[in-house]
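As structure tokens, the structure follows; a few thoughts come after it.
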């Protein structure tokens, strides 16, 4: 089972905090990979918040192809970040050119609506990914994870701590206020960077542990929505991110309904809900999106709210703890201890099967939405 | 000179030509005559036989053989009175003196067309090969990387939806204060939550009153006591008027077919109905006999049936092969669905049933565009029938597995896999594996399945099998009283016993489906289209069904 480590804070911090938390949960991952998604960036990206950042890896040839393509589309490089790999002395070998590059929009898109900009970024990301042809054909020329303002994705195969050192995050860290990290356990799939959490699409991020037994019907449902971004699915957990995107962006549901979509209540449990008629209908109409677990999923909404939700039987662990201004959402309490040792542990939250814990962008408090009772409580 | 015995036997058959040969033990037989009186075919009759008798008298064994005239049983070789192998003679024999045995080398098919009349029968396709459904295995078992579910401890929701589901974007939702509400003025198509195995259409007429009553009682008990919402389709021929006006109507799917039999009563009962029916099924085709309409032969059109159907007694009731009003799927079929929806004030799901066919996807695509189409039932070639031409049963029709899969994947392609539920029928439970066959079809994309023949076999002891055993359903001489309208026959069947068995069957199917879904980690929703759970050891089938190969 993979281990998850998410931190949200009102001040900038280093992803090494997430990685050190993963290190304490080491028994739960096998060192087969690390995925990092950083959003609400500080440091060298702090002044570049409106510019989309392309995150990925490319070969020399891939870099040339990518540059040509971006120029053709009218994107202009604004800033480039590369990890300092040359200082690394461990066993890992660089597979190519790692980059997080922010761009200015093409002139025609600068004043375009957020929807148009979003479409452009998704389309460009997918086209670049296609240009790289993916790893199936043995060609790693271009691997693209995300293309979105104020957000960077890093992924590599290896032990999380080693990957952190490999990227030089200990010496010159990227800083952010919201960082997701996953220590991967390679169980069912060949190691493939596109299969590594966290997953991202148009402002939404999730990472999930456990196996998603309902993967195929969910994948088929999402793939047939007609949205070009619903592709990939090298991991059965990628659908969690796309479900979030689908219900928030396409159907425009409030965030708390994510829980009602992936783990709908039994009909007899709905009586306390004032929106019973709506959730009954949602349950029927979005039936293919129901998961059966075992899964704990942690995600970030487009507005920066971080949440944790469990499957309907709570078959996976998950703990949240912290102080106003900084909260950790982890697979295990030892991870929370590493990040926020000074907190009041009696206020730790362990979301149960009806719960969806949410922490808004300002990291002031934990809100717990109880799906069965239709109530919201607050821990701070 | 003419011989003493004529050797000219033109037109006569020997026992070796017949599909079943009676074995009779003279020594055990007490000549009670029960077997000859019970035989539905009069295939055996009392006969005068010359027997060789060995006797010995006196203190020393001195056997002496004598020939003497005695009484016994003889199987006739008249093709019209052939032994159907039902073995009801064995059942009534107090001394185990008689039983029929299948004759592999029979020439039945060469002779059962006397008088220029094609062979007609009940039952289903006579094929003993292992069906595709029985070849499918459930192989994606949750093991150490994730916990399997516990069929005994976890709650399973073995339910499906019958009815048109809205497209997600069409949900009439209102967002207010971070909460979703429903626009009460908007139309939401009716959807029923039911058990995913339904009792398929078997008419009141095709079935005896006792059989129909037993099924109906069993279904009501399952719903009201066991909380297993099984629904049952009436088949073409309506239902007893008293039931139409009862609160039990909600457990029945009313079928309308090309003869419209029974619908006069239904229309007249409409204002008096306490409950809506579960659904309306418009039958356009039947897997057992594609291209044919229903057929209730005159033998079975007795008093009660004639009344319910509004016809004279003892006439063949042949429904036309197609609905007389059917001009095209876009117009007449759509109109029929709309009309039926209107008749029940849009509160009842209305859906068509077709026989399995290569053109099923074309039908499906049309239905997908019709907002009043609540589902589609596809009936494969292994479906049963009360009466059909043998040639239709044997040679026409489409296997259900690939037909269903093709339709489901077509729905996936157009993104409507949850909007238009598919129900699969035809051979479900053919070899007794009801739950496994149902689960396999569900994982291939069916929302549910229908079974008919299995229910007759398991609930009432129907003798029919795939070696053409019995299959006399069409002529009303069912030796078990399941498909007869003759009170002397159907009183053999105890409706209470049938009901008990119906309850047994569905309780077991419920448990067995849990046992299948639990190790695959699926409990809160039916694994519709969860094809990664299936494997088959035949590469061609794996490729056609788009599932994995395992051996």
If N is the residue count of segment A:183-302, its Cα Rg over 2.2 N^0.38 Å rounds to 1.06
Ratio of segment B:399-455's C-alpha Rg to 2.2 N^0.38 Å, to two decimals?
1.11
Semi-axes of the equivalent ellipsoid for segment B:40-156, Cα gyration tensor, largest first, Å
52, 28, 14
Kindly provide log₁₀ I(q)/I(0) values, in the same order as q = 0.21 Å⁻¹, from the Debye equation applied to equal alpha-carbon scatterers of segment B:140-280.
-1.23
5 Å-binned pair-distance histogram of segment B:328-404 (Cα, whole percent):
3, 15, 23, 18, 15, 15, 8, 2, 0
Kirkwood Rh over alpha-carbon pairs of segment A:252-316 plugged into Stokes-Einstein at 4 °C, 1.567 mPa s gives a D in µm²/s of 103
Between segment A:286-353 and segment B:363-435, the alpha-carbon center distance in angstrom:
44
Taking 25 °C and 0.890 mPa s as the conditions, I'd like the Stokes-Einstein D for segment A:47-187 in µm²/s, using the Kirkwood hydrodynamic radius from alpha carbon pairs.
153
Can you tell me, using C-alpha contacts under 8 Å and at least 6 residues apart, the relative contact order of chain A as a whole percent?
22
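Would you order B:111, B:323, A:242, B:272 from fewest to most other beta-carbon atoms within 10 Å of each residue's own beta-carbon?
Ascending Cβ contact count within 10 Å gives the list B:272, B:111, B:323, A:242.
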With runs of 4+ DSSP H residues as the only contributors, calculate the mean residue ellipticity of the protein assembly as shown at 222 nm using -39,500 (n - 2.57) per run, divided by the residue total and rounded to the nearest 500.
-7000 deg cm²/dmol
Scattering from the C-alpha atoms of chain B alone, worked out with Debye: what is log10 I(q)/I(0) at q = 0.08, 0.10 1/Å?
-0.58, -0.85
In degrees rounded to 10, the 0-90 angle between helix B:434-444 Cα long axis and the longest Cα principal axis of chain B is 40
Segment B:307-354 - convex hull of the alpha-carbon atoms, volume per residue in Å³:
116
Cα pairs beyond 42 Å in chain A, in percent, come to 7
Normalised by the residues of segment A:50-149, what does the relative contact order come to in percent, with Cα pairs under 8 Å and at least six apart?
46
P(r) for segment B:402-497: what percent of alpha-carbon pairs falls in each 10 Å bin, starting at zero?
15, 34, 25, 18, 8, 0
Sort the following peptides by mean Cβ neighbour count (other Cβ atoms within 10 Å, averaged over residues), highest first: A:49-56, A:202-209, B:538-545.
A:202-209, A:49-56, B:538-545
Just the Cα atoms of the protein assembly as shown, one point each, no solvent: what log10 I(q)/I(0) does Debye give at q = 0.05, 0.10, 0.11 Å⁻¹?
-0.39, -1.09, -1.24
Mind telling me which of A:130, A:292, A:355 comes out most flexible in a GNM of chain A, alpha-carbon contacts under 10 Å?
A:130
In whole Å, what are the Cα extents of segment B:32-106 along the three principal axes, biggest one first?
50, 26, 23
Normalised alpha carbon radius of gyration of segment B:123-223 [divisor 2.2 N^0.38 Å]:
1.70
How much space per residue, in cubic angstrom, does the convex hull of the C-alpha atoms of segment A:30-105 take up?
117
What order do you get for A:34, B:270, A:165, A:286 when you list them from fewest to most C-beta neighbours inside 10 Å?
B:270, A:165, A:286, A:34
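We did not get these values from a lab; they are worked out from the coordinates using the rules stated. Note that this is a predicted model, so its numbers are computed, not measured. Because the Cβ atoms are built from the backbone with ideal geometry, glycine has one as well, and the counts that use them run over all protein chains shown.
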